[in-house]
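**Student:** Dropping a structure here in structure tokens format, bear with me for questions.
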Amino acid sequence: MKVEEFDYHLPEELIAQKPLPKRDESRLMVLNPQENTIEENVFKNLKDHLDPGDMIIMNNSRVIPARLYGAKIPTGTEIELLLLNELAEGRWEVLVRPGRRAKKGVKINFEDILEAEVVEYTDFGGRIVEFSWNQNNYDFEEVLNQLGEMPLPPYINEKLDDPERYQTVYSKKKGSAAAPTAGLHFTDRLLEELTEYGIILDYITLHVGLGTFRPVKSEDIEDHEMHEEYAEISAATVDKIKKVKANGNKVVAVGTTVTRTLESAAQTDELSEYKGWTDIFIYPGYEFKVIDSLITNFHLPKSTLLMLVSALAGKEFVLNAYQKAVEEEYRFFSLGDAMLILNRKED
């Protein structure tokens, strides 16, 4: 299957640059692959499409100020780091720009507070760096909060007035280099309303890293390798999922990160507690083992995220829906509108 099959035309003006004033007033496109229907609604009316006893599972990872700007020692050349995965205390896997300036042994200074040394190369073009800093009773998190910036995607051209708008209201566990953006539409009040309606809410953790947003550079999607990301699902959550399914209700994943975590936890004979790294790549032909429905945003052309959505709802159906979204001027990507896929496609 070719990457080009997942391309579509998107006018640049439809890429959302700012979040809406109210999170849950984003538009909601509702796809039902089994009935071949597309409806339109508003996100705050999400429960219109769900039944009491259904389960919504969200990613509670929180974005860290993962972008650092420093100067190469001794030349002063500017170097940018994006923190991806913490491998040990003070030791991180990072992306570096420009990479040619960050050879093994290079040291980078950050405002005379923090220093990084490049110690290894990674298979994905990144680096392993070791940080050191003047302790003064500060831990690395405090240093990062002082020096780091929120790592907004490159297609967002200006900083947010309120950085919390790039966090979900339920974010809790720090560690992501990008937000699990499907969850940005939820408000505390909407979560309360869903609970009152009888929806079961629960959480997993996947720290968003390179695997989620790394572009597919191979011509055939089968040749693409996902980058590992850390994920957790508890035994208690697994038990709830099994009960929901036994009762004939839907498991609704909020975003591709939740989908990948749940499906990773079901790669053995049955769904079970999971804690570790995952590089699962879901594209058309994949047989879903856990999720029934998906809440997601509108994704970049030729991305692994669009491929995952296409696996759930059918490639042609999804691309037709994207064309409709373009024609009706939906807001695209991280800060844009939402899509709900009901009742995954059955062959």
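The values are calculated or read from the model by the stated rules, or taken from the named source; none is laboratory data. Since the structure is predicted, the reported quantities are computational estimates derived from the model, not experimental observations. Cβ coordinates were reconstructed from backbone atoms using ideal geometry, including for glycine residues, and neighbour counts include every protein chain displayed.
**Student:** Please determine whether any residue of segment 159-166 is of a type in the set (Ser, Thr, Tyr), under 21 Å from the mean Cα position of the chain (by Cα) and surrounded by 15 or more Cβ atoms within 10 Å (Cβ to Cβ).
**Tutor:** Checking segment 159-166: at least one residue is of a type in the set (Ser, Thr, Tyr), under 21 Å from the mean Cα position of the chain (by Cα) and surrounded by 15 or more Cβ atoms within 10 Å (Cβ to Cβ).
**Student:** I would also like to ask the following. For residues that are part of a loop (DSSP other than H, G, I, E, B) and among the aromatic types (Phe, Trp, Tyr), scanning just segment 247-289, find the one that is surrounded by the fewest Cβ atoms within 10 Å (Cβ to Cβ). Step through it out loud before you land on a result.
**Tutor:** Let us first name the residues in segment 247-289 that are part of a loop (DSSP other than H, G, I, E, B), namely 247-250, 255, 265-273, 279-289.
Narrowing further to those that are among the aromatic types (Phe, Trp, Tyr): 281, 283, 286, 288.
On the way: Phe281: 18, Tyr283: 19, Tyr286: 15, Phe288: 18.
Looking at the filtered set, the residue picked out is Tyr286.
**Student:** Answer with yes or no whether Pro301 is in contact with a Leu (Cβ under 8 Å, 6 or more places away or on another chain), assigned to a loop (DSSP other than H, G, I, E, B) and either buried (at least 21 other Cβ atoms within 10 Å of the Cβ) or at pLDDT 95 or above (or both).
**Tutor:** Yes.
**Student:** A further question follows. I'd like to verify a number: residues in segment 276-312 that are more than 18 Å from the chain's Cα centre (by Cα) and over 24 Å from Glu219 (Cβ atoms), how many?
**Tutor:** Going through segment 276-312 one residue at a time, the tally reaches 5.
**Student:** In this structure, does Leu190 turn out to be buried (at least 19 other Cβ atoms within 10 Å of the Cβ) and at pLDDT 95 or above?
**Tutor:** no
**Student:** Go through (1) under 25 Å from the mean Cα position of the chain (by Cα); (2) more than 27 Å from Gln167 (Cα to Cα) for Leu87 and report which single condition fails.
**Tutor:** The number of the failed condition is (2).
**Student:** Of the residues Ala116, Ala102, which single one is in contact with a strand residue (DSSP E or B) (Cβ under 6 Å, 6 or more places away or on another chain), surrounded by 21 or more Cβ atoms within 10 Å (Cβ to Cβ) and farther than 22 Å from Gly175 by Cα?
**Tutor:** The conditions single out Ala102.
**Student:** Separate question: Looking at (1) over 21 Å from Thr77 (Cα atoms); (2) at pLDDT 90 or above, can you tell me which one Phe124 breaks?
**Tutor:** (2)
**Student:** Only residues that are of a type outside the set (D, E, K, R) and under 21 Å from the mean Cα position of the chain (by Cα): list them for segment 9-29, please.
**Tutor:** Those that are of a type outside the set (D, E, K, R) and under 21 Å from the mean Cα position of the chain (by Cα): Leu10, Leu14, Ile15, Ala16, Gln17, Pro19, Leu20, Ser26, Leu28, Met29.
**Student:** Output the residues belonging to segment 312-347 that are assigned to a helix (DSSP H, G or I) and among the small types (Gly, Ala, Ser). Working first, answer last.
**Tutor:** Quick first cut of segment 312-347, residues assigned to a helix (DSSP H, G or I) only: 312-313, 315-327.
Listed by number, the residues that qualify are Ala313, Ala321, Ala325.
**Student:** Then there is this: How many residues does segment 200-243 hold that are among the hydrophobic types (A, V, I, L, M, F, W, C) and assigned to a strand (DSSP E or B)? Reasoning before the result, please.
**Tutor:** So in segment 200-243, the residues among the hydrophobic types (A, V, I, L, M, F, W, C) come out as 200-201, 204, 206, 208, 210, 213, 216, 221, 226, 231, 233, 235-236, 238, 241.
Among the residues that remain, those that are also assigned to a strand (DSSP E or B) are: 200-201, 204, 206, 231, 233.
So the answer is 6.
**Student:** Right, next: Within segment 81-88, identify whether any single residue is out of contact with any Cys (no Cβ under 8 Å at 6 or more places or on another chain), free of Cβ contacts under 8 Å to residues at least 40 places away in the same chain and farther than 30 Å from Lys243 by Cβ, and answer yes or no.
**Tutor:** Within segment 81-88 (the criterion being out of contact with any Cys (no Cβ under 8 Å at 6 or more places or on another chain), free of Cβ contacts under 8 Å to residues at least 40 places away in the same chain and farther than 30 Å from Lys243 by Cβ), the answer is yes, since at least one residue qualifies.
**Student:** Follow-up. For the list (1) touching a Pro at 6+ places or on another chain (Cβ under 6 Å); (2) closer than 25 Å to Arg165 by Cα; (3) aliphatic (A, V, I, L, M), I need the number of the one condition that Ala313 fails.
**Tutor:** For Ala313, the failing item is (2).
**Student:** Of the conditions (1) within 30 Å of Ser264 (Cβ to Cβ); (2) free of Cβ contacts under 8 Å to residues at least 40 places away in the same chain; (3) in contact with a Phe, Trp or Tyr (Cβ under 7 Å, 6 or more places away or on another chain), Ile113 clears all except one; give me its number.
**Tutor:** Against the list (1) within 30 Å of Ser264 (Cβ to Cβ); (2) free of Cβ contacts under 8 Å to residues at least 40 places away in the same chain; (3) in contact with a Phe, Trp or Tyr (Cβ under 7 Å, 6 or more places away or on another chain), Ile113 comes up short only on (1).
**Student:** Given the conditions (1) in the same structural domain as Ala253 (by TED's automatic domain parsing); (2) surrounded by 16 or more Cβ atoms within 10 Å (Cβ to Cβ), report the number of the one that Asn41 does not fulfil.
**Tutor:** (2)
**Student:** Can you name the residue in segment 326-347 that is under 22 Å from Asn157 (Cα atoms) and more than 17 Å from the chain's Cα centre (by Cα) and is also surrounded by the most Cβ atoms within 10 Å (Cβ to Cβ) among such residues?
**Tutor:** Applying the filter and picking the extreme gives Tyr330.
**Student:** Going through Ser264, Ser293, Ser272 one at a time, which residue ends up being within 22 Å of Phe124 (Cβ to Cβ) and assigned by TED's automatic domain parsing to the domain that holds Pro33?
**Tutor:** Ser264
**Student:** Restricting to segment 179-199, count the residues that are within 20 Å of Asn41 (Cα to Cα) and outside any helix (DSSP H, G or I).
**Tutor:** 3
**Student:** Note down all Cβ pairs under 9 Å where the first residue falls in segment 211-237 and is among the small types (Gly, Ala, Ser), the second is assigned to a helix (DSSP H, G or I), and they're at least six residues apart or on different chains.
**Tutor:** Final answer for the pair search is Gly211/Arg260; Gly211/Thr304; Ser218/Val3; Ala231/Thr257; Ala231/Arg260; Ala231/Thr261; Ala231/Ser264.
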